1. Give all pairs with beta carbons closer than 6 Å in which a residue from the range 101-113 that is farther than 28 Å from residue 167 by Cα meets a residue that is among the small types (Gly, Ala, Ser); count only pairs at least 6 apart in sequence or on separate chains.
2. Collect the residues in the range 1-35 that are assigned to a strand (DSSP E or B) and either charged (D, E, K, R) or over 23 Å from residue 177 (Cβ atoms) (or both), keeping them in residue-number order.
3. Just to confirm my filter: which strands (runs of 3 or more DSSP E) fall fully inside the range 56-101 and include at least 3 residues that are among the hydrophobic types (A, V, I, L, M, F, W, C)?
4. Is it fair to say residue 34 is surrounded by 15 or more Cβ atoms within 10 Å (Cβ to Cβ) and either in contact (Cβ under 8 Å) with a residue 24 or more places away in the chain or farther than 27 Å from residue 126 by Cα (or both)?
5. If you check residue 171 against the conditions, is it assigned to a loop (DSSP other than H, G, I, E, B), over 12 Å from the mean Cα position of the chain (by Cα) and modelled with pLDDT of 95 or more?
6. Could you tell me whether any residue of the range 116-132 is more than 16 Å from the chain's Cα centre (by Cα), farther than 22 Å from residue 175 by Cβ and in a loop (DSSP other than H, G, I, E, B)?
7. Please indicate, with yes or no, whether at least one residue in the range 156-167 is surrounded by fewer than 18 Cβ atoms within 10 Å (Cβ to Cβ), modelled with pLDDT under 95 and closer than 27 Å to residue 77 by Cα.
Amino acid sequence: MSIMSDKWIRTKCQTEGMIEPFIDGQVRGDNISYGLSSYGYDARVAPEFKIFTNVDSAVVDPKDFSPKSFVDRDSDVCVIPPNSFALARTVEYFRIPKDVLVICLGKSTYARCGIIVNVTPLEPGWEGHVTLEFSNTTPLPAKVYANEGGCQFLFLQGNEPCETAYSDRGGKYQGQRGVTLPKL
């Protein structure tokens, strides 16, 4: 496997729509940076959040997930309670080629504030909005900003396409739009 450069990412986005909308270059200024970087792509956080709460004393169970576990917020800023987390999604819609595996890493700006991003790998052949989990590991409320950078994706290309891609086996999160909750 090889990690792919900005030139490769740009070409895949222009010819195959791998990332839409695609920002060709880093946007900075007063924002947490986003867009194409040297060897990856910094995706933006959409203004759609599910903040976990204990108001209804729900139990978080991946086999029987209850919507009572969170509150929905559509906002430019999400305040995550101390030692809690929120789900969000990328603004960008991804279409992963069958010979590519994508790994997500958190942005250092958030990590330095105790906000950790967790995403499982984007498998070959998968497509959709990426559901992001932001964990606030601090004893204080923490902010996550919509329409700014939330995480960076690294693209690893295999020597050949995989034998069975996510799309081939009808993966349960294929084509997801919006913040997607756990499914069995």
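The values are calculated or read from the model by the stated rules, or taken from the named source; none is laboratory data. Every value quoted in this text rests on a predicted model; they were computed, and no experiment measured them. Here Cβ is always computed from backbone atoms with ideal geometry, including for glycine, and neighbour counts include all displayed protein chains.
1. Matching pairs, first to second residue: 107/149.
2. 2, 3, 20, 26, 27
3. 77-80, 84-95
4. Spelling it out, residue 34 is indeed surrounded by 15 or more Cβ atoms within 10 Å (Cβ to Cβ) and either in contact (Cβ under 8 Å) with a residue 24 or more places away in the chain or farther than 27 Å from residue 126 by Cα (or both).
5. So residue 171 fails the test.
6. No.
7. No; the residues of the range 156-167 include none that is surrounded by fewer than 18 Cβ atoms within 10 Å (Cβ to Cβ), modelled with pLDDT under 95 and closer than 27 Å to residue 77 by Cα.
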